[in-house]
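None of the figures in this text is laboratory data; all of them are computed from the coordinates on show. Keep in mind the model is a prediction, meaning the values are calculated, not measured. A quick note on method: Cβ atoms are made from the backbone with ideal geometry, for glycine too, and the neighbour counts reach across all protein chains shown.
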Amino acid sequence: MHQLNSLEEALKHFFGHDSFRPGQQRIVEQALQNRDLLIIMPTGGGKSLCFQLPALLKAGLTVVVSPLIALMQDQVDALQDNGIGATFLNSSLNWDAVKSRETAILNGKIKLLYVSPERLLAEKFTPFLERVRSQIGISAFAIDEAHCVSEWGHDFRPEYRQMRQLRQRYPDIPLLALTATATKRVQQDIIQQLTLRQPEIHLASFNRPNLYYEVQAKQKPSYNQLFKLIKSYPEGSGIVYCLSRRTVDEVAFKLQKEGICALPYHAGMSDTDRATNQTRFIRDDAQVMVATIAFGMGINKPDVRFVVHYDLPRNLESYYQESGRAGRDGELAHCTLFYSAADIPRIDYFIEQKPDPQEQRLARQQLRQVIDYAEGSDCRRTIMLRYFGERLQGNCGKCDNCCYPKPVEDWTIEAQKFLSCVARCRERFGIIHTIDVLRGSRKKKIEQYGHHLLSTYGIGKDKSSDAWKMLARSLLHQGLVDETTDGYRVLKLNKLSWEILRKQRSVEIAVTQTPASQAIADVNPRNAEAEILFEKLRKLRKQIADAQSVPPYVVFADSSLKLMAQVQPQTIDAFAQISGVGTHKLTQYGERFVSEIRAFCQEQKLPAPLPSTSQMTTLQLYQQGLSVAEIAAKRSFSSSTIIAHLSELIEMKQPIDLSRLVSPEKQKPIMKVIQTVGAEPLRNLREQLGESFSYEEIRLVRSWWRREQI
């Protein structure tokens with residue numbers, strides 16, 4: 001208990017915080033036990049404190065390896081501002097400054113020294129480090145931005161690979177590796193490259209709940225779109241990331257002309273200009289920083305309210321890092337990505353410049369993952385967190401796909417076809433090849449492998465290639481199929497894939513609507529009932545066409561018939577809304593088609609089931625005016641059982657007054673959400689509505705809605 005008090009007192013004393021953030025205290029305790037640690041904690045999670053506080057509580061000097069001068073400057077300024085002995089040694093200092101700082105270190109006045117990896121491992125620096133070790137001691141090496149060690153990471157730096165020398169030279173000094181992002185593969189690579197000894201791995205959640213993610217289709221001209229977006233944030237700083245230096249200069253210049261205080265930042269500028277602009281931005285002398293990815297690593301500005309990616313980022317890890325520079329203070333912030341397929345060849349050009357074919361393959365796969373994110377219709381957070389191996393339960397409610405969801409449809413049969421094709425191709429191919437087999441492509445590659453002989457060849461002709469891609473993306477994002485990450489996008493079935501194939505699991509996907517004028521296949525009827533009605537309407541169309549001696553499509557196109565079968569309009573007004581029904585055809589054929597649809601709908605109505613004895617008992621007590629709680633007490637049942645009875649009675653069209661159970665002002669929003677996102681599952685509806693609506697209320701209103709559909 002004493003240890004806890006002293007740690008919290010130290011935290012308050014040095015940093016002014018009353019309590020640790022999640023995960024910090026355990027990391028500090030282990031660092032004080034001289035353990036090797038791998039700490040993965042998202043931007044804004046309080047990573048730096050995990051090595052700074054132990055450094056202050058241990059004897060000797062903690063050496064912090066940092067890749068950027070700007071990052072060192074920023075951290076040292078913040079520490080000195082807290083009265084902590086910290087300094088840095090880098091190429092920006094003259095000889096006198098270096099000497100005076102080295103003297104301060106040897107006199108024990110400094111607890112944290114920031115250096116670059118190049119300086120740390122330079123031969124001429126070794127004697128000084130040896131003197132530090134013998135005179136005052138080195139308490140730990142903290143390697144910040146440790147993902148730079150790994151060629152699988154998004155920001156690989158070859159000089160970081162040499163850091164393994166630290167372990168060889170100083171085997172008894174603990175190593176702490178810290179990064180904001182690392183996939184499982186990168187984590188393993190960091191451990192291996194730095195030769196960490198049985199490190200404790202601290203993996204904080206990658207979820208940043210205060211960030212709102214959205215993707216906007218890039219318009220022409222895209223500058224106007226950006227200007228409008230920035231004007232919608234009258235207060236707060238923002239960063240605009242661009243792919244090229246030229247774009248940075250153009251956008252910054254245009255924004256300045258429009259009266260927005262915007263500054264450029266890229267590697268083509270002088271160090272002085274970059275440093276000046278960065279300082280102006282950090283100090284709120286400028287609202288917007290327009291930058292290439294050269295800007296931002298380790299920039300600790302907590303109140304960035306928006307980050308806009310004007311061009312497509314190269315991989316999801318970079319996007320997570322860069323967009324994550326918004327909202328470090330935990331307040332709401334916006335992350336917007338402008339997406340255009342025209343950006344893809346530009347990034348592909350950069351990839352072509354890589355000398356190693358394996359690196360090219362890996363970069364292309366990473367680019368594909370960004371495209372999948374941008375084009376995906378699932379929750380953006382789910383897609384991003386899954387990339388880091390983290391599962392999000394339900395939807396986040398803070399991204400464009402959750403707040404403005406596309407219609408959800410049951411695509412179980414299509415998923416079974418797709419996964420079956422993956423299995424028959426022996427899990428050795430990617431999305432495009434699988435789709436080619438499903439759609440009966442005549443590509444040479446398919447015949448070479450004999451895949452034109454598979455039972456799944458051509459069974460997906462009824463869907464467009466884009467529709468199959470949409471399904472494939474959704475299966476990946478929902479974790480219903482896996483994909484290799486070594487540069488080759490090979491699909492692999494997992495436990496959930498087999499559940500779908502065995503009909504133990506259904507698949508729902510958010511569907512991007514396709515215009516009625518597209519291929520008929522894209523407006524495929526969703527269920528058996530629609531298929532039957534479609535056939536009836538085809539027969540009617542044939543009769544009319546024969547009587548008039550015209551081809552059937554002259555009466556109505558197939559796409560119109562399929563829409564009729566799906567929507568099932570039972571009035572002339574509703575029929576007039578169907579795509580392909582003009583005034584003339586409405587007058588000529590309207591009545592006959594509506595009569596056919598109406599007759600079909602009447603046939604489909606099944607007699608309502610009769611309530612069970614137990615349900616009847618609940619109904620009688622309800623009619624006596626008893627509340628749900630009173631009925632439950634009288635029958636020795638739980639309230640949820642009584643709610644289940646009442647829900648089922650409502651669907652059976654029994655005399656239940658819904659307003660007695662759910663207030664009318666609550667009924668409306670529940671109905672609205674059901675009409676928007678569908679009636680299943682209940683959990684999804686609750687997440688959309690929020691905690692002020694109970695599951696019981698939603699269930700009762702859903703039953704009423706279903707009753708009205710019958």
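Using packing as a proxy for protection, rank 377-383, 642-648 so that the peptide with the highest average count of other Cβ atoms within 10 Å comes first.
Highest mean packing first, the order is 377-383, 642-648.
Need one number: the % of Cα-Cα pairs in the stretch 613-709 sitting beyond the 23 Å mark.
Pairs farther apart than 23 Å: 23 percent.
Return the whole-Å distance between the Cα centroid of the stretch 75-131 and the Cα centroid of the stretch 348-407.
Value for the Cα centre distance between the two parts: 40 Å.
How much length, in nm to one decimal, is gained on full extension between Leu453 and Val550, taken as 0.36 nm per residue of separation minus their Cα-Cα distance?
Full extension from Leu453 to Val550 adds 31.0 nm.
For the chain, what does the helix formula give at 222 nm: sum of -39500 (n - 2.57) over DSSP H segments with n ≥ 4, over the residue count, nearest 500 deg cm²/dmol?
Only helices count here, giving -15000 deg cm²/dmol.
Can you tell me the convex hull volume per residue for the stretch 193-240, based on C-alpha atoms, in Å³ to the nearest whole number?
179
Compute the helix-to-body angle for 558-567: its Cα long axis versus the longest principal axis of the chain, expressed 0 to 90° and rounded to tens.
Approximately 90 degrees, to the nearest ten.
Which of the chymotrypsin sites (Phe, Trp or Tyr not before Pro) found in the stretch 396-499 are in a DSSP loop and have at most 11 neighbouring Cβ atoms, other than their own, within 10 Å?
Within the stretch 396-499, no chymotrypsin sites (Phe, Trp or Tyr not before Pro) qualify (loop, at most 11 other Cβ atoms within 10 Å).
Computed from the coordinates I sent, percent of Cα pairs over 53 Å apart equals one of (1) 25; (2) 13; (3) 19. Tell me the label.
Recomputing percent of Cα pairs over 53 Å apart here gives the entry labelled (1).
Write down Rg/Rh for the stretch 211-403, rounded to two decimals, with Rg from the C-alpha atoms and Rh from the Kirkwood relation over Cα pairs.
0.95
Angle, helix 465-477 long axis vs. longest principal axis of the chain, Cα atoms, 0 to 90°, nearest 10?
The angle comes out at about 60 degrees.
Which of Ile351, Ile191 comes first, and how do the rest follow, when ranked by fewest Cβ neighbours within 10 Å?
Ile351, Ile191
Could you work out how far helix 583-604 tilts from the main Cα principal axis of the chain, as a 0 to 90 degree angle to the nearest 10?
For 583-604 against the chain, the angle is about 90 degrees.
How much space per residue, in cubic angstrom, does the convex hull of the C-alpha atoms of the stretch 295-396 take up?
119
How big is the stretch 2-203 on each of its three principal axes, counting only the C-alpha atoms and giving the largest first in Å?
Here the spans come out as 42, 40, 30 Å, largest first.
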